[in-house]
Amino acid sequence: MRGAIVFSGSSHPALVDGMCDRLGSKRGSASLGKFANGETSVSIHTSIRDKDVFIVQSGSKKINDSLMELLIMISACKGGSSKSITAVMPYFPYSRQSKKKSHRGAITARMVANLLHIAGVNHVITIDLHASQMQGFFKCPVDNLVAEPLLARWIRVNVDNWRKAVVVSKNPGGTKRVTSLADALKLSFGIVTTDRRRTATSVNWNESAMFEALNMDGTYETPGQVEAALDADAHIIPPSAPPSNPRAENEKPKPRTRTLSNPLQRRANGTQEMLGSPLSKSMRAASIVEQELHLENIKENDIPENALDAPDAPDAPDALDAPDAPDAPDAPDADDEREEGESADEYTDERARDVIHGRLIHGHIVDEDHPSPAMSAVSTSTWRNRPPSDAADADVPDHMMSSFMSTTSSMHQSRDTEHALGGTVDAAATSDEEEEDLRNPGLETMVTLVGNVRNRPVFIVDDMIDKSASWIAAAETVVKRGGATKVFCMATHGLFGGDCLEEMENCACIDKIVVTNAFPIPEEKMARAQAKGKLVVIGVDNLLAEAVRRNHHGESISQLFMHYD
């Protein structure tokens with residue numbers, strides 16, 4: 001590579017040595033150090049005038065020192081009259097802070113991109129950005145390489161029955177990455193998600209006055225509480241009293257009519273409910289309306305009077321064949337009609353059987369009869385300071401919760417995940433929040449597995465491994481609930497913060513941990529991992545070296561994104 005020179009930062013010198021071996025050149029001479037007061041000092045000892053300079057500096061445990069060192073090296077090369085400066089950053093620092101998570105939050109990834117531009121960088125090469133749209137933060141070209149072909153090649157070579165495997169995402173945010181690998185290998189994919197939104201929902205609908213008097217057994221302290229809470233249009237009108245509002249009379253529920261609930265038309269204090277809401281539909285007419293009102297409704301809709309008693313009367317089919325009904329021959333049986341109405345609200349696809357639920361306590365799968373902690377994601381607060389009981393710990397049905405307050409309503413309150421501009425929460429919570437929930441011993445979380453993994457190996461894929469709780473929870477879910485045979489945890493960047501690597505190696509449900517060397521792994525951790533034999537590190541030296549060579553010679557890098565057998 002004449003006319004080009006590669007410099008190494010202090011974060012990952014072993015990676016630079018591998019790249020230089022592939023390129024057949026030596027890395028540039030530079031002195032990196034610190035002054036007594038902690039300031040970073042950089043001195044370039046090689047002539048760089050009119051040369052293409054490539055500075056390799058990945059994120060490391062000392063992320064701020066590595067970033068500052070890179071900026072100073074870029075500035076030094078710019079002052080040395082280099083032709084172009086390319087920053088090779090296998091792991092881009094602060095890539096997880098690519099959006100505002102609160103009103104006073106910072107988009108740190110954009111700030112780092114601006115710092116690189118001010119320092120004088122002309123090109124950036126990185127691998128698997130946490131969010132690919134971060135390329136819009138830069139004012140220079142960005143080559144966002146992917147480690148997917150390397151992971152796919154390792155799967156083909158080292159996994160025997162990989163053609164029967166399933167690629168699984170441990171959270172909804174990584175679905176796009178998982179589907180890309182599944183499409184490349186022509187495999188099925190699945191999703192593991194943990195339910196954290198019920199926490200705020202259970203607080204909102206519990207605050208209404210109507211549910212203040214709702215006992216744990218489903219009964220009300222005061223008779224007639226439901227009727228008092230309904231809107232004036234939904235009040236039961238005696239047959240003797242004519243309706244005062246013709247519009248309300250026309251809006252009465254009619255047979256075979258399905259009305260959707262609109263949460264925006266409910267009052268916040270819970271004293272008004274739409275007539276067509278799921279709550280009003282769940283009340284049977286025979287329990288709150290007299291027989292005369294039924295007959296009146298039936299006459300208005302031209303339906304035979306004795307059709308109301310069809311479910312209980314044995315001669316209901318004869319009533320439908322009455323001569324005064326012109327469409328009697330085409331009218332279905334009453335039981336069939338009821339079953340048809342019930343099946344309309346159900347999803348009867350065969351793939352729905354592949355949805356598996358489980359309970360997570362302290363980040364681990366537990367049995368259904370395991371006692372619930374004092375606080376759970378289903379019931380996170382007592383009912384108006386009532387002492388918790390067995391009924392309070394029980395799961396609240398989804399249809400019950402949706403009838404009180406929509407989870408996408410503007411009144412939905414979240415902890416810290418509310419949209420910065422005042423909208424609803426994001427589709428997936430951040431990994432830090434998920435880790436906090438899973439590590440809390442007093443919090444119960446509901447986990448859902450979508451996809452059939454029984455008697456198949458599973459590849460759990462994400463862009464980085466930083467904390468272990470979500471990986472262990474996903475592995476235990478696919479093994480203990482889904483029936484998977486083997487679990488391979490695969491990621492591009494192995495950050496392994498704290499005791500993450502040791503905890504994942506001690507998990508019996510995880511067979512292999514596959515990462516690349518884009519992020520430097522400390523030598524002590526590598527030594528312990530090699531003794532246990534679960535950690536596999538794939539080198540990206542050749543990938544980055546080829547990207548540097550093609551960039552220097554002006555060649556296309558499209559082939560670096562392709563899969564080869």
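The values are calculated or read from the model by the stated rules, or taken from the named source; none is laboratory data. Being a predicted model, the structure only gives us computed values, none of them experimental. All Cβ positions, glycine included, derive from the backbone under ideal geometry; neighbour counts span all protein chains shown. To get the accessible areas, we keep the full protein, side chains included, count just its heavy atoms, and leave off ligands, DNA and RNA. Shrake-Rupley method; radii C 1.70, N 1.55, O 1.52, S 1.80 Å.
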Pop out the carbon and sulfur fraction of the accessible area of segment 1-93 as a percent, whole number, probe 1.4 Å.
47 percent
For segment 437-489, with all protein chains present and a 1.4 Å probe, just round the carbon and sulfur fraction of the accessible area to a whole percent.
46 percent
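Classify segment 1-132 as rounded, prolate or oblate from the Cα gyration tensor: take a ≥ b ≥ c as the square roots of its eigenvalues, call it rounded if a/c is under 1.5, otherwise prolate when a/b beats b/c and oblate if not. Numbers along the way, then the final one.
On the way: a/c = 1.76, a/b = 1.55, b/c = 1.13.
In terms of gyration-tensor shape, prolate.
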What is the dipole size for segment 4-145, taken about its Cα centre, with +1 at each Lys and Arg Cβ and -1 at each Asp and Glu Cβ, in debye to the nearest 20?
480 debye
Relative contact order of segment 4-145: what whole-number percent is it, with Cα pairs under 8 angstrom and at least 6 residues apart?
20 percent
In Å², and per residue, what accessible area does segment 4-145 have when probed at 1.4 Å with the other protein chains present?
46 Å²
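Report the calculated FRET efficiency for Lys62 and His364 (r = Cβ-Cβ distance, R0 = 30 Å), to the nearest 0.05.
0.35
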